[in-house]
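None of the figures in this text is laboratory data; all of them are computed from the coordinates on show. Just so it is clear, the structure is predicted and the values come from calculations on it, not from any experiment. Here Cβ is always computed from backbone atoms with ideal geometry, including for glycine, and neighbour counts include all displayed protein chains.
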Amino acid sequence: MASKAQQELERIEKQIEQLEAAAGDNAEAHRHLQSLHQQVAALRDQITAHFEAWARTELARHPQRPYFLDYVERIFTDFSEIHGDRHFGDDPAIVCGMARFRGHEVMAIGQQKGRDTKQKLHRNFGMPNPEGYRKALRAMAMAEKFRRPVLTFVDTPGAYPGLGAEERGQAEAIALNLREMNRLKVPILVTITGEGGSGGALAIAVGDRVNMLENSIYSVISPEGCASIMWRDPTKRELAAQAMRITARDLKELGCIDEIIPEPKGGAHADADGAAALVAETLERQLGEAAKLPVEELLRQRHDKFRRMAQFFAEVK
């Protein structure tokens, strides 16, 4: 249903673009344009109100959804990128840099996808290699040295599973980040903006506050991968997505995240500026709260938060 609505929305938007170019002073054309804009608004409401997990997955993967550098452009100033892990090389799938955020000196780290074919290949489709995670950890250590809070933005299908990545210690790099982020003596705010895929996402997602955008997902495996394992049929991806409970609402109920950040009508891809403003508002508030805590209390709460996850108890009558 949501997929059909999305296709219809894209069709009408193209029709609007063509009509606006040819309308001129034609009053009838402008009345038709007004009607089309009303249809677009109704379809965006329909898409946003659709709560099925697969619909959320499709929105999380939308090709026009804002990526990390889109947020950098809109909510940070004086961004200065850091390159290289000082062991093997630089990984463009993870971008790190010092920046200013509403009066705070921060370290911003995020996974970056590409839009066209050239960018997608350059960014490795947002799937980091070990050097990407080691670069992120180097940036975090720098942030700790200069007492800068760390703001991470998660959007990846998962860590890159290639032979070279495994040879260079993909699992070790992810595990080391999990341990060291748990110990980092500065506030860490995490925001899942699109796909939060498995350990590849978790490697930069250990934080004092973990947020998810309304139409993002966070899971141990993709719905297609789960369906292939459980039913030997990747076409059962919608059933898998529903069963896995990968949406922001599900994960908030399970206690795996702290806050759901709402998106503009139709999704973040429909209004990148509006989405960035909502993210910035949330991060500013959370940063103020975290900054008030002594380091020892900050670390204790972070440790306890992740230790409590996945503990479920059933009443015995």
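Taking the Cβ of LEU239 as the centre, find all other residues whose Cβ is under 12 Å away and add up their charges (Lys, Arg: +1; Asp, Glu: -1).
Once positives and negatives cancel, what remains is -2.
Looking at the chain, do any whole DSSP H helices span at least 27 angstrom along their long axis by alpha carbon and average 0.0 or above on Kyte-Doolittle, and which?
On the way: long enough: 2-23 (30 Å, -0.86); 27-49 (33 Å, -0.52); 272-291 (28 Å, 0.23).
Both cut-offs are met by 272-291.
Taking the Cβ of PHE68 as the centre, find all other residues whose Cβ is under 12 Å away and add up their charges (Lys, Arg: +1; Asp, Glu: -1).
My count for the surroundings of PHE68 gives 0.
Find which of THR235, ALA165, GLN64 sits farthest along the positive direction of the dipole of the chain, computed with +1 on the beta-carbon of Lys and Arg, -1 on that of Asp and Glu, about the Cα centre.
Checking the options against the dipole of the chain, the answer is ALA165.
Which of the lysines could a cross-linker bridge to LYS265, judged by Cα under 25 Å and excluding same-chain residues fewer than eight apart?
Those lysines meeting the cut-off are LYS4, LYS14, LYS113, LYS252.
Send over the semi-axes of region 58-308's equivalent ellipsoid, whole angstrom and largest first, taken as the square roots of 5 times the C-alpha gyration tensor eigenvalues.
Working through the eigenvalues yields semi-axes of 25, 21, 19 Å.
Arrange the peptides 110-122, 266-278 so that the one whose residues have, on average, the most other Cβ atoms within 10 Å appears first.
With the highest mean Cβ count within 10 Å placed first, the list reads 266-278, 110-122.
According to a simple spin-label model (label point 7 Å from Cα along Cα-to-Cβ), what is the distance in nm between LEU19 and ARG232?
Output for this residue pair reads 5.1 nm.
Please arrange ILE16, ILE229 by counting, for each residue, the other beta carbons lying within 10 Å of its beta carbon, fewest first.
Final ranking by Cβ density, sparse to dense: ILE229, ILE16.
Helix-only mean residue ellipticity at 222 nm, the chain, DSSP H runs n ≥ 4 weighted -39,500 (n - 2.57), per residue, nearest 500. What is it?
That calculation yields -16000 deg cm²/dmol at 222 nm.
From Cα pairs below 8 angstrom and at least 6 apart in sequence, can you work out the relative contact order of the chain, rounded to a whole percent?
Result for the chain is 16 percent.
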